[in-house]
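Below is one structure, written out as structure tokens, with a few remarks after it.
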Amino acid sequence: MAEPIRIANASGFYGDRLAAVHEQVTLGDIDVVTGDYLAELTMLLLWKAKQKSPEKGYAVTFLRQMEATLGEIASRGVKVVANAGGLNPAGLADELRTMIEGLGLSLRVAHVEGDNLLPVIDDLVDLEVQTLTANAYLGAWGIAEALGRGADIVVTGRVADAALVVGPAAWHHEWRRDDWDALAGAVVAGHVLECGAQATGGNFAFFREVQDLTRAGFPIAEIAADGSSVITKHEGTGGAVTVGTITAQILYEIDEPAYRTPDVVAHFDTIELSQIGPDCVEITGVQGSPAPEL
């Protein structure tokens, strides 16, 4: 049985703290650094950028973060998974390869596409307005396959936010597509991580109880083979990881307890949280069931 995989988040939105990638990679041991850059408004911003320069359409700040950190990523053997590809993941992958070559490094870059529905949107829905972007939420298995084929950096377009964490966990632990409970556990960990420092106090109503939220640390999930996880952060960083801060983020942007993703339905009413140490919260008991049918 493989050891837990240590997955860090370094971006909760396009425009999040630029230094966070370097911090997560260098302040302690991690296996994977992930970043979530996309929201509905972001897709519009990327569409506007692509209208001005057709080769763009991705999160350009991600390139700045990579340029500052690629040497450390290569020397430490850290994998990178991010949805910064936006509307042009292939273009971002090409830019990364050029950057890597220019720095004299040896890193393999892959991209995941297939989320763009714009060419077929008129066949799917009857709209009376101009459609600028139309993207499906892809799941985790394209990411897992890219890592399995030796990629060091995987960039995607629109994927489910938690897929950025589920993909590396599924790859590392060699989960099957019907390991529902393990996948569901990783979805919960991914949901906690996806918005960055919201999990370390930024989404906590009692924020006056949290120290140093001016520079909160970004969260890390240590995901075990059974899908259980421990949420933590690098020692010495701001913010806090408590049952309260994690509960606040678990309840963020959900509907019914049956949380649907492209890979699995995670039943949030089965989550069990335990404070097992300073800035360490264990997530156990998560049950999963098959993903919704298309």
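The values are calculated or read from the model by the stated rules, or taken from the named source; none is laboratory data. It should be emphasised that the depicted structure is a prediction, and the values quoted were computed from it without experimental measurement. Reconstructed Cβ throughout: ideal geometry from the backbone, glycine too, with neighbour counts over all protein chains shown. For the accessible areas, the whole protein counts, side chains as well, though only heavy atoms, and no ligand, DNA or RNA atoms are used. Shrake-Rupley method; radii C 1.70, N 1.55, O 1.52, S 1.80 Å.
Observations
- Among residues of segment 212-223 being surrounded by 21 or more Cβ atoms within 10 Å (Cβ to Cβ) and assigned to a loop (DSSP other than H, G, I, E, B), the one that is nearest to the chain's Cα centre (by Cα) is Phe218.
- The residues listed here are Thr98, Thr61; of these, the one that is in a helix (DSSP H, G or I), hydroxyl-bearing (Ser, Thr, Tyr) and open to solvent by less than 70 Å² (accessible area, probe 1.4 Å) is Thr61.
- Condition broken by Val33, with the remaining ones in (1) within 20 Å of the chain's Cα centre (by Cα); (2) surrounded by fewer than 24 Cβ atoms within 10 Å (Cβ to Cβ) satisfied: (2)
- The residue of segment 45-58 that is farthest from the chain's Cα centre (by Cα), among those that are assigned to a loop (DSSP other than H, G, I, E, B) and surrounded by 14 or more Cβ atoms within 10 Å (Cβ to Cβ), is Lys56.
- The criterion of at least 3 residues that are open to solvent by less than 70 Å² (accessible area, probe 1.4 Å) and of a type in the set (S, T, N, Q) is met by none of the strands (runs of 3 or more DSSP E) wholly inside segment 240-294.
- All conditions in (1) open to solvent by less than 60 Å² (accessible area, probe 1.4 Å); (2) within 20 Å of Met99 (Cα to Cα); (3) part of a helix (DSSP H, G or I); (4) among the polar types (S, T, N, Q) hold for Thr42, with the sole exception of (2).
- Cross-chain or 6+ apart pairs with Cβ under 6 Å, segment 251-280 first and closer than 27 Å to Ala240 by Cβ, then open to solvent by 70 Å² or more (accessible area, probe 1.4 Å) and not in a strand (DSSP E or B): Pro257/Asp269
- Taking the criterion of being within 23 Å of Ala170 (Cβ to Cβ) and surrounded by fewer than 19 Cβ atoms within 10 Å (Cβ to Cβ), the only residue of segment 7-30 that qualifies is Asp29.
- Selection over segment 17-39 of residues that are in a loop (DSSP other than H, G, I, E, B) and farther than 24 Å from Leu132 by Cβ gives a count of 8.
- Residue match in segment 72-83 (condition: farther than 22 Å from Gly167 by Cα, in a helix (DSSP H, G or I) and more than 16 Å from the chain's Cα centre (by Cα)): yes
- Condition met for Gln275 (touching a helix residue (DSSP H, G or I) at 6+ places or on another chain (Cβ under 9 Å), at pLDDT 95 or above and more than 27 Å from Arg158 (Cα to Cα)): yes
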